[in-house]
Amino acid sequence: MRKIIIIIASLMLVAGISLLLFEPVSNTINKGKAEKITEEFEQTVEAVQNNAKNKKSNNKSSAGSSQQGASSDYSIPTPEQLEKLLKASKKYNEKIFSNQGTVNTSDYSAAAINLKKYGISNNMYAYVSAPSIGMKLPVYLGANSSVMNYGAAHLNNTSLPIKGENVNSVIAAHTGYIGRVFFDNIKHLKKGASVSVRNYWGTINYKVIKTHQVADNDTSDIYIRPHRQLLTLVTCVYREKNKFDRYIVVCERK
């Protein structure tokens with residue numbers, strides 16, 4: 001009997017230790033995955049730039065296939081496809097600004113643009129980073145569950161994160177997601193902290209200008225402010241009795 005008790009106690013001890021280690025180990029693993037995805041994004045952009053240089057020097061490379069320096073998991077768009085995507089993104093942002101207040105702002109889950117039309121198969125538009133909290137996350141289009149299980153999501157009917165005036169790009173991610181850290185630490189971003197978005201055409205640098213907590217039905221922060229370029233980070237925070245508010249970090253381009 002004593003041996004059985006010892007065995008049971010040992011198993012319970014191992015189970016307890018495993019539970020304690022699960023979250024930090026899982027967080028570390030998934031942080032590494034997110035960093036790998038952002039590194040591959042950089043490699044993809046570099047490959048596109050190399051393709052453009054090769055084309056100019058009349059040394060053509062095979063467009064749309066994997067190139068040296070990029071992951072084989074990534075399809076590489078051509079410079080022409082990215083040029084068309086940038087034009088489509090600007091047109092989309094102009095439309096959002098012109099129709100502000102009349103679009104269906106509740107439909108955040110759809111992708112603003114079908115990236116497959118532009119040679120991008122993984123739906124990743126950019127990545128967002130904040131050095132002071134060690135955050136670097138891929139940004140996918142459409143705030144739906146299949147996207148937000150893997151990173152941050154751009155909310156449809158808000159501006160895409162590209163340079164230009166009359167822009168407010170709203171990006172959301174989970175807090176308290178078991179085994180992963182997404183926007184859990186944005187509450188530690190202080191006024192003046194640096195936040196960046198790296199898209200296919202360059203890096204946009206922002207600084208935090210405001211943080212606050214609002215009711216879950218308060219959408220005032222998603223609206224575009226004329227002649228300004230804003231980035232708004234949004235996540236859920238627990239209030240009470242299974243009720244959640246929204247934690248908002250508003251950033252403005254430096």
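The values are calculated or read from the model by the stated rules, or taken from the named source; none is laboratory data. Worth saying up front: this structure is predicted, and the values here are computed from it rather than measured. Using ideal geometry, Cβ is built from the backbone for each residue, glycine included, and neighbour counts are taken over all protein chains shown. Surface areas here come from the heavy atoms of the whole protein model, side chains and all, with no ligands, DNA or RNA. Shrake-Rupley method; radii C 1.70, N 1.55, O 1.52, S 1.80 Å.
Here region 161-194 is the region considered, the condition is being among the charged types (D, E, K, R) and touching a strand residue (DSSP E or B) at 6+ places or on another chain (Cβ under 9 Å), and the residue that is nearest to V208 (Cα to Cα) is K191. Confirm whether Y127 is outside any loop (DSSP other than H, G, I, E, B) and within 13 Å of the chain's Cα centre (by Cα). Yes. Do we find that K241 is open to solvent by 50 Å² or more (accessible area, probe 1.4 Å) and in contact (Cβ under 8 Å) with a residue 40 or more places away in the chain in this structure? Answer is no for this residue. Residue selection: G179 fails the criterion of being open to solvent by 20 Å² or more (accessible area, probe 1.4 Å) and on the phi > 0 side of the Ramachandran plot. The set of residues in region 182-223 that are under 19 Å from L155 (Cα atoms), open to solvent by 10 Å² or more (accessible area, probe 1.4 Å) and among the hydrophobic types (A, V, I, L, M, F, W, C) comprises F182, V214, A215, I222.
What about L231, is it in contact with a His (Cβ under 6 Å, 6 or more places away or on another chain) and open to solvent by less than 10 Å² (accessible area, probe 1.4 Å)? In short, no. Residues in region 139-159 that are part of a strand (DSSP E or B) and farther than 16 Å from I204 by Cβ: Y140, L141, A153.
For N157, are the conditions met, namely being under 14 Å from the mean Cα position of the chain (by Cα) and modelled with pLDDT under 95? Criteria not met by N157. Residues that are among the charged types (D, E, K, R) and under 19 Å from R246 (Cβ atoms) occur in region 99-110; there is at least one.
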